[in-house]
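The values are calculated or read from the model by the stated rules, or taken from the named source; none is laboratory data. Since the model is a prediction, treat every value here as computed from it, not as a measurement. Ideal geometry is used to build each Cβ from the backbone, glycine not excepted, and the neighbour counts take in all protein chains shown. Remember, those area values only see protein heavy atoms, side chains included, never the ligands or the DNA or RNA. Shrake-Rupley method; radii C 1.70, N 1.55, O 1.52, S 1.80 Å.
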Amino acid sequence: MRTQVGIIGAGPAGLALARMLHLQGISSVVIENRSRDYIENRIRAGLIEHWAADMLTDIGVGERMKREGLVHWGTNFAINGDIHRIDFKALLNKRITIYGQQEVVKDLVERRIADGGPLLFEVDGVSVHDLTTDRPKIQFAHEGQAIELECDFIAGCDGYHGITRPSFPDGILNVYERDYPFGWLGILAESPPPDHDLIYSYNDDGFALYTMRSPTLARLYLQCDHDEHVDAWPDARIWENLHKRLGGARKLQEGKILQKGVTAMRSFVVEPMQYGRLFLAGDSAHIVPPTGAKGMNLAFADVVMLSRALDGFYKKQRTDLIEGYSKACLKRVWNAQRFSWWMTQIMHRFPDETPFDRRRQISDLRYITSSEAAMKSLAEQYVGLPID
Ligand code: APR
Ligand code: PHB
């Protein structure tokens with residue numbers, strides 16, 4: 001089997017890259033070790049930056065997002081129940097779109113199939129070879145058959161737990177990471193969102209985020225202990241905390257809890273994001289804590305860079321964009337890392353915090369909800385810096 005670009009992983013990064021390459025007339029094969037049903041139903045964050053929503057429309061997968069996605073021209077920060085709105089429209093004339101990541105994945109899978117594939121699910125035993133030659137290979141098994149896929153390039157879009165990053169030879173990668181001493185309990189509930197916009201709530205009982213998936217479906221997050229088991233959070237405890245951490249300015253209507261799960265909080269980056277003809281994109285190269293929901297947007301930014309670099313290589317025999325891929329991505333990656341870390345550390349309770357830290361957090365929050373310059377700075381990073 002032979003293709004121009006072998007793509008490992010059918011998450012937002014791998015599937016968006018496949019579509020971009022298709023539009024550029026570059027062939028690719030996408031392989032995924034999970035089932036279609038699994039990847040289409042994995043619940044994750046659902047915030048799409050301004051430029052990323054435009055990009056999805058430009059590549060022909062934005063139709064349902066335009067119909068069903070919820071457009072937000074601002075967001076709220078609550079400081080112990082006192083709610084302040086940051087108006088993206090007035091500050092920047094930009095918006096974010098709330099649309100579940102698994103819906104983006106469904107749209108991309110449908111598009112890939114309409115494009116004629118190949119998109120192979122439930123592959124086994126994936127490994128990569130000959131990375132420093134101009135014919136790198138991917139070996140895997142599919143439906144009981146051993147396959148060797150010969151490529152010009154390999155895109156490692158296989159997420160944090162994938163095999164491509166561990167395939168870099170020893171001593172190449174520099175790893176930068178930070179763990180946070182808490183997690184997020186994510187909840188999906190049949191409950192109308194308490195406000196049209198999101199509410200990021202700083203509270204003495206811990207951080208809470210009130211977001212949504214539709215006008216009748218709330219997506220809610222509560223700061224919880226690191227590695228806490230969901231069994232520690234029966235429904236009554238969840239509602240009690242959601243009410244308490246929202247404060248009195250908005251009312252939350254209780255409804256059936258459809259799903260709950262704990263997410264770990266981590267910042268992680270590897271440098272460089274390439275070795276020979278293997279290029280990492282998305283979660284395989286970096287993880288951000290979910291405060292600000294930059295994960296999927298960063299994955300999209302990487303594959304925009306990668307598709308441009310590959311286009312330059314095939315159409316103009318340029319090698320500079322390919323060689324500069326990692327450097328070009330890492331600039332944005334570190335910006336998003338800094339922003340996600342900053343939002344995380346001003347909003348949460350830390351086990352080793354001092355009263356000084358709490359006062360400092362409140363001061364930061366008051367500043368970003370009152371100074372126009374600070375609001376604008378937050379807004380431009382939150383809605384996503386332009387890709388160029
Ligand atoms: N072979 C093939 N596929 C693999 C392998 C493997 N060995 N290992 C992992 N995968 C698949 C996973 O099953 C997953 O579907 O790679 C895909 C990676 O997708 P994501 O984890 O969604 O990562 P990415 O596409 O980079 O998207 C980043 O996803 O984790 C969220 O919050 C994160 O929003 C961000 C986004
Ligand atoms: C979500 O809607 O899932 C979401 C939104 C904003 C965040 C994190 C998650 O900061």
List, please: which pairs have Cβ atoms under 9 Å, are six or more places apart or on different chains, and start with a residue in region 94-114 that is under 16 Å from residue 196 (Cα atoms) and aromatic (Phe, Trp, Tyr) and end with one that is away from ligand 1 (no atom under 14 Å from the Cβ) and open to solvent by less than 40 Å² (accessible area, probe 1.4 Å)? 99/53; 99/65; 99/69; 99/70
Taking the conditions exactly as written (more than 14 Å from ligand 2 (Cβ to nearest atom), under 27 Å from residue 261 (Cβ atoms), in contact with a Ser or Thr (Cβ under 9 Å, 6 or more places away or on another chain) and not in a strand (DSSP E or B)), does residue 110 satisfy them or not? no
Among (1) in a helix (DSSP H, G or I); (2) free of Cβ contacts under 8 Å to residues at least 60 places away in the same chain; (3) away from ligand 1 (no atom under 16 Å from the Cβ), the one test that residue 60 misses: (1)
If you scan region 196-217, which residues turn out to be more than 10 Å from ligand 2 (Cβ to nearest atom), part of a strand (DSSP E or B) and not β-branched (Val, Ile, Thr)? 201, 202, 208, 214, 217
Wholly inside region 281-388, helices (runs of 4 or more DSSP H) that include 3 or more residues that are at negative phi and open to solvent by less than 30 Å² (accessible area, probe 1.4 Å) are 295-316, 325-347, 355-368, 372-382
Among (1) more than 30 Å from residue 327 (Cα to Cα); (2) open to solvent by 50 Å² or more (accessible area, probe 1.4 Å), which single condition is residue 195 missing? (2)
Kindly establish whether residue 122 is over 30 Å from residue 47 (Cα atoms), surrounded by fewer than 16 Cβ atoms within 10 Å (Cβ to Cβ) and in contact with a strand residue (DSSP E or B) (Cβ under 9 Å, 6 or more places away or on another chain). no
Collect the residues in region 316-357 that are among the acidic types (Asp, Glu) and either touching a helix residue (DSSP H, G or I) at 6+ places or on another chain (Cβ under 9 Å) or without any contact (Cβ under 8 Å) to a residue 12 or more places away in the chain (or both), keeping them in residue-number order. 320, 323, 353, 357
Conditions first: (1) touching a helix residue (DSSP H, G or I) at 6+ places or on another chain (Cβ under 9 Å); (2) farther than 25 Å from residue 300 by Cα; (3) within 16 Å of ligand 2 (Cβ to nearest atom). Residue 76 passes all but one, so which condition is the exception? (1)
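Quick one: is residue 52 within 16 Å of ligand 1 (Cβ to nearest atom), in contact with a Gly (Cβ under 8 Å, 6 or more places away or on another chain), touching a residue at least 12 places away in the same chain (Cβ under 8 Å) and open to solvent by 20 Å² or more (accessible area, probe 1.4 Å)?
Working: within 16 Å of ligand 1 (Cβ to nearest atom): yes; in contact with a Gly (Cβ under 8 Å, 6 or more places away or on another chain): yes; touching a residue at least 12 places away in the same chain (Cβ under 8 Å): yes; open to solvent by 20 Å² or more (accessible area, probe 1.4 Å): no.
So residue 52 fails the test.
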Hey, any hits in region 249-262 for a residue that's assigned to a helix (DSSP H, G or I) and either open to solvent by 10 Å² or more (accessible area, probe 1.4 Å) or at pLDDT 95 or above (or both)? no
Return yes when residue 176 is within 15 Å of ligand 2 (Cβ to nearest atom), assigned to a strand (DSSP E or B) and at pLDDT 95 or above and no when it is not. no
Mind checking which pairs have a first residue in region 3-22 that is closer than 13 Å to residue 164 by Cβ and a second that is more than 9 Å from ligand 1 (Cβ to nearest atom) and in a loop (DSSP other than H, G, I, E, B), Cβ under 7 Å, 6 or more apart or different chains? 6/151
Somewhere in region 303-311, is a residue within 27 Å of residue 379 (Cα to Cα) and within 9 Å of ligand 1 (Cβ to nearest atom)? yes
So which of 138, 154, 172 ends up being touching a residue at least 24 places away in the same chain (Cβ under 8 Å) and open to solvent by 40 Å² or more (accessible area, probe 1.4 Å)? 172
Looking at region 181-190 only, could you name the residues that are away from ligand 2 (no atom under 14 Å from the Cβ) and either of a type outside the set (A, V, I, L, M, F, W, C) or farther than 19 Å from residue 260 by Cβ (or both)? 181, 190
Please pick out the residue among 186, 116, 144, 159 that is more than 30 Å from residue 6 (Cα to Cα) and either within 16 Å of ligand 1 (Cβ to nearest atom) or more than 22 Å from the chain's Cα centre (by Cα) (or both). 186
Does residue 227 satisfy the criteria of being farther than 25 Å from residue 80 by Cα, modelled with pLDDT under 95 and outside the structural domain of residue 128 (by TED's automatic domain parsing)? yes
Between residues in region 220-239 that are open to solvent by less than 80 Å² (accessible area, probe 1.4 Å) and residues that are among the basic types (Lys, Arg), which pairs lie under 6 Å by C-beta distance while being six or more apart or on different chains? 230/260
